Amino acid sequence: MRPRKEFSTDLVFEIIKIKKVTKVVKGGRRYRFSVIVVGGDKKGRVGYGTGKAFEVPDAIKKAKKEVLKNMIRVPLTKETQTIAHEIIGHKGASQVLLKPATEGTGIVAGGSIRIFLELGGVRNIYSKSFGARSELNMILATIDGIKNLRTKQQISKSRDKKVAEIMFN
């Protein structure tokens, strides 16, 4: 038998939402719980997970396992711990605008976006959500935006210019 792999100790998990779901059957009502969990190391790695079970602790355990599968890296600037440029992420009817911020601004975001960015290690950022505001779609739209981010080096390479030329022109 394989030894059980426990969760990485440097990850921090936050429960975003616990939802009670009811299914009506012949004998009455069946209750289940659906959970959304976000986890990250506050150093640039972050992920989300959903879990469903008849008991809340079981649903949380499933969601934490899924967090490990859905981990992404947040490309942060070294100076201000923010993103390199403005980006819009989409998921369904939800949109999230992410804008870089100067040192000392903090995280200007609400709800599940704030928790997601905090656990991702972002320290300074502006955020605005548009459209439908369900917790899961907000997280997925944020992930879409983060995946489309490009670093200064990637931008300079695609334009065949030096980083200094891009930053000051």
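Within 10 Å, Cβ to Cβ, of Gly89, how many net charges do the neighbouring residues add up to if Lys/Arg are +1 and Asp/Glu are -1?
Spelling it out: positives minus negatives among the neighbours equals +1.
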(request) Could you work out how far apart the two model spin labels at Lys78 and Ala132 are, taking each label as a point 7 Å from the Cα in the direction of the beta carbon, and quote it in nm? (result) 4.2 nm
(message) Show me the chymotrypsin sites (Phe, Trp or Tyr not before Pro) within segment 30-67 that DSSP assigns to loop and that have at most 15 other Cβ atoms within 10 Å of their Cβ.
(response) Phe54
(message) Could you give me D for segment 12-72, from Stokes-Einstein at 25 °C and 0.890 mPa s, where the hydrodynamic radius is the Kirkwood radius over C-alpha pairs? Units µm² s⁻¹, please.
(response) 204 µm²/s
(message) Running a GNM on the chain with Cα contacts under 10 Å, which residue among Gln154, Gln81, Gln95 ends up with the highest mean-square fluctuation?
(response) Gln154
(message) Quick check: from the Cα gyration tensor, does segment 70-169 come out rounded (a/c under 1.5), prolate or oblate?
(response) prolate
(message) Using the Cα centre of segment 74-149 as origin and beta-carbon charges of +1 (Lys, Arg) and -1 (Asp, Glu), tell me which of Leu117, Gln95, Ala84 is placed farthest towards the positive end of the dipole.
(response) Gln95
(request) Provide Met71, Met138 in ascending order of the number of other Cβ atoms located within 10 Å of each residue's Cβ, fewest first. (result) Met71, Met138
(message) Suppose each label sits 7 Å from its Cα in the direction of the beta carbon; what would the Val12-Ser158 distance come out to in nanometres?
(response) 3.2 nm
(request) May I ask for the distance between the Cα centers of segment 36-53 and segment 94-109, given as a whole number of Å? (result) 20 Å
(request) Net charge near Ala53: determine it from the other residues with C-beta under 11 Å of the C-beta of Ala53, scoring Lys and Arg +1 and Asp and Glu -1. (result) +2
(request) Hand me the trypsin sites (Lys or Arg not before Pro) from segment 8-44 located in a DSSP loop with no more than 14 other Cβ atoms within 10 Å, in residue order please. (result) Lys26, Lys43
(message) Loop only by DSSP, 10 or fewer other Cβ within 10 Å of the Cβ. Give me the trypsin sites (Lys or Arg not before Pro) in segment 51-90 that pass, ordered by residue number.
(response) Lys78
(request) Report the percentage of all Cα-Cα pairs in the chain whose separation exceeds 20 Å, rounded to a whole percent. (result) 57 percent
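Every read-out reported here was derived from the displayed coordinates using simple, explicitly stated rules and does not represent laboratory data. These figures come from a predicted structure and were not determined experimentally. With ideal geometry, Cβ positions are generated from the backbone for all residues, glycine too; neighbour counts draw on all protein chains shown.
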